[in-house]
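J.: Here it is: the structure, laid out below.
The values are calculated or read from the model by the stated rules, or taken from the named source; none is laboratory data. What you are looking at is a predicted structure, and each value in this text was computed from that prediction instead of being measured. Note that each Cβ is placed from the backbone with ideal geometry, even for glycine, and that neighbours are counted across all protein chains shown. For accessibility, only protein heavy atoms count, side chains too; no ligands or nucleic acids. Shrake-Rupley method; radii C 1.70, N 1.55, O 1.52, S 1.80 Å.
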Amino acid sequence: MSQPVRISTSLTNRIFLACTLLVTLALALAFAYLYWRTSRDTETDLARELQESSVLMQEYQASLTDTFGRMTRMVADLPKLKAAVETADPPTIQPLADEYLARIGADTLILTGRSGVVLATSGVVPAQIPAPASQASLDEHSAFWPHDRGLLEITSVPILLDGTPPDILGRLTVGFLLDDARARQFKRLTGSDFAFLVSGRVVASTIDVEDAATLTTLSPAGLAGTPPPFARTLRLHGEDFLATSRPLALDPAAVDNSLAPSAVVLRSRTERMRLLSTIRSGLSGALIVAVLLAAVLSYVVARTMTRPLSAITTAMRDIALTGDLTRKVTLTHGDWHDEDARVLATTFNTLTDSIATFQREEAQRERLSALGRLSTVIAHEVRNPLMIIRAALRSLRRGEASPAERREALDDIDEETSRLNRIVSDVLDFARPIHFERREVDINTLCRTSVDAAWVDAPAGSVTLDLDPRLPVVTTDAERVRTALVNILTNARYAVAASTGPDAGASELTEAGVQLTTRHDDDGVQVTIRDRGVGISADDMAHIFDPYFTTRRGGTGLGLPIAKNIVEGLGGRIEVTSIRGEGTELRITLPTNAGAPA
């Protein structure tokens, strides 16, 4: 008779109870702390945001003042404006006032003459224009003017005619209006409500202020003695607002400082507390859901993960230390043995068998791939010498061949046989440094023989040679350079053939499309090969020198990498430019002396 399993002795139940209690306690403490911290931070953030909005509004207003001040000085210095003001003719000046008001985006523009008489006004103009402190003054000044719609902040500058001393033609006054629209602009910028006060009266605001006296208590004088952050709580329209006030900056030389303008910044406390209440309700609901979810998940995790894993862990550790994938997991029957552990052990054993099989197959595939790449390289590089040997044998088979022709054919066979041997060595040594045999070489002659080798099985009429007869003798490895040139010319030949269509035949390979040019400059000898082929795409250009990369069917992808290794090994450089559909230009630059001749 089996003994009943007690809750406290069941590993699954212990894990389930422990996880549930731990999660419940942790979530309860976390949510309580989160709500307390959120409440405290909300109050702090509200006060900070209020001050930031106040500072940002003041900075933006100062920026507007500076911007319009600069524009005012620029407009006052325009010859066209000076000439119009000098006429003192309002019909002449008025169109200019309208034009410049629209250009600088101001709300007010006023032009006065030498005696202070207003010559033209445009935009928002107060019913009574205050007189400037001194019409003949060379100073610039700013001031606030009262207006029915709000408060005008103006900048006044003299209009000067060059001379010593300068002649004052009049003054240009430009301003912007602090009204309801500007207050809404500040609200969009900062997220706070604004109200502008002048002489204890609200002249513009983003909210309906039924009790103006409530806001006037927030004037700079009313806030005197209030501790930082100099904010008070107001109740407007049934909502609580945290509010502060800042005086609007005035120029010390202002015309009238008695207006005492100020801006009141308000931040809704009720709205923020409403959000906090929503957060509290959401946290309470989330706590209940999280506890229930934690109970379910902890039970599931306990049931699925509390299995005997010591044997499997030991086997994995041994495999990690020894790398022996033949080691198997063997589970012994006992209290901790169950079906899940057996399936896990069987799956692990299958996995090790699969990995071992994959490693053997991968090694075999790598060997076959290496052999295939080697075969491709040999086939690519050996074809041209074999063509030359084949042509020489055809000459020998002709009975009427002269002794000189036989000797030439035998020499070609001997030379190409040596070249084949060198090609095989190159393929085997592709990843190792190349050993060069340097001697004095005529590059023009080397170019001609390279063209003959590249077009050995077709007429070479498609190649135009432009060889510089003044080229100096170059000390380099002629055979290596010839290999590089043949590889490049062969690519150019097939590129031209491909441009005629996918079924290009031998006759199409002979159409003119490749040009080989030699030149000499301070860098050395340059060999340029241009073709009017299909060109190289921008994506392929980054890989053209990668081994085994090719876009031509039947190509090996070793022609250009071998050429690059040869040219750079001889101290030169190789450059490629190409336009898709128009052709490719490849330039080889070789030093005139790539080391001492062999």
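J.: Against the definition (polar (S, T, N, Q), more than 30 Å from ARG182 (Cβ to Cβ) and at pLDDT below 75), how does THR332 come out, yes or no?
T.: Yes.
To keep it simple, each residue is scored yes or no on (1) at pLDDT 70 or above; (2) on the phi < 0 side of the Ramachandran plot; (3) touching a Phe, Trp or Tyr at 6+ places or on another chain (Cβ under 6 Å); (4) part of a helix (DSSP H, G or I).
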residue	(1), (2), (3), (4)
SER281	yes, yes, no, yes
LEU287	yes, yes, yes, yes
ALA290	yes, yes, no, yes
ALA295	yes, yes, no, yes
ASP318	yes, yes, no, yes
LYS328	yes, yes, no, no
VAL343	yes, yes, no, yes
THR347	yes, yes, no, yes
THR352	yes, yes, no, yes
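J.: Can you name the residue in the range 3-35 that is of a type in the set (Val, Ile, Thr) and assigned to a helix (DSSP H, G or I) and is also modelled with the lowest pLDDT among such residues?
T.: ILE7
J.: Any residue that is among the hydroxyl-bearing types (Ser, Thr, Tyr), at pLDDT 75 or above and either buried (at least 16 other Cβ atoms within 10 Å of the Cβ) or farther than 15 Å from ASP45 by Cα (or both) - is there at least one of those in the range 240-248?
T.: yes
J.: State all residues of the range 566-591 that are outside any strand (DSSP E or B) and either more than 19 Å from THR490 (Cα to Cα) or under 35 Å from the mean Cα position of the chain (by Cα) (or both); if no residue qualifies, say none.
T.: Within the range 566-591, GLU568, GLY569, LEU570, GLY571, GLY572, ARG580, GLY581, GLU582, PRO591 meet the criteria.
J.: Let me ask you something else. Does ILE378 fit the bill of being assigned to a helix (DSSP H, G or I), β-branched (Val, Ile, Thr), open to solvent by 50 Å² or more (accessible area, probe 1.4 Å) and modelled with pLDDT under 75?
T.: Against the criterion (assigned to a helix (DSSP H, G or I), β-branched (Val, Ile, Thr), open to solvent by 50 Å² or more (accessible area, probe 1.4 Å) and modelled with pLDDT under 75), ILE378 qualifies.
J.: Additional query: Go through (1) small (Gly, Ala, Ser); (2) assigned to a loop (DSSP other than H, G, I, E, B); (3) touching a helix residue (DSSP H, G or I) at 6+ places or on another chain (Cβ under 7 Å) one by one and return the number of the condition SER115 breaks.
T.: (3)
J.: If the Cβ limit is 7 Å and pairs must be 6+ apart or interchain, which residue in the range 154-171 that is farther than 15 Å from GLY113 by Cβ pairs with which residue that is part of a strand (DSSP E or B) and open to solvent by 40 Å² or more (accessible area, probe 1.4 Å)?
T.: That search, which allows pairs on different chains as well, returns PRO166/LEU160.
Results for (1) of a type in the set (Val, Ile, Thr); (2) open to solvent by 50 Å² or more (accessible area, probe 1.4 Å), shown as yes or no for each residue.
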| residue | (1), (2) |
| --- | --- |
| VAL85 | yes, no |
| PRO91 | no, yes |
| VAL118 | yes, yes |
| VAL125 | yes, no |
| LEU151 | no, no |
| PRO165 | no, yes |
| ILE168 | yes, no |
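J.: Taking the condition surrounded by fewer than 17 Cβ atoms within 10 Å (Cβ to Cβ), part of a helix (DSSP H, G or I) and in contact with a Ser or Thr (Cβ under 6 Å, 6 or more places away or on another chain), does ASP98 pass?
T.: Spelling it out, ASP98 is indeed surrounded by fewer than 17 Cβ atoms within 10 Å (Cβ to Cβ), part of a helix (DSSP H, G or I) and in contact with a Ser or Thr (Cβ under 6 Å, 6 or more places away or on another chain).
J.: Does LEU259 qualify as being at pLDDT 75 or above and surrounded by 14 or more Cβ atoms within 10 Å (Cβ to Cβ)?
T.: Taking the combined requirement at face value, the residue does not satisfy it.
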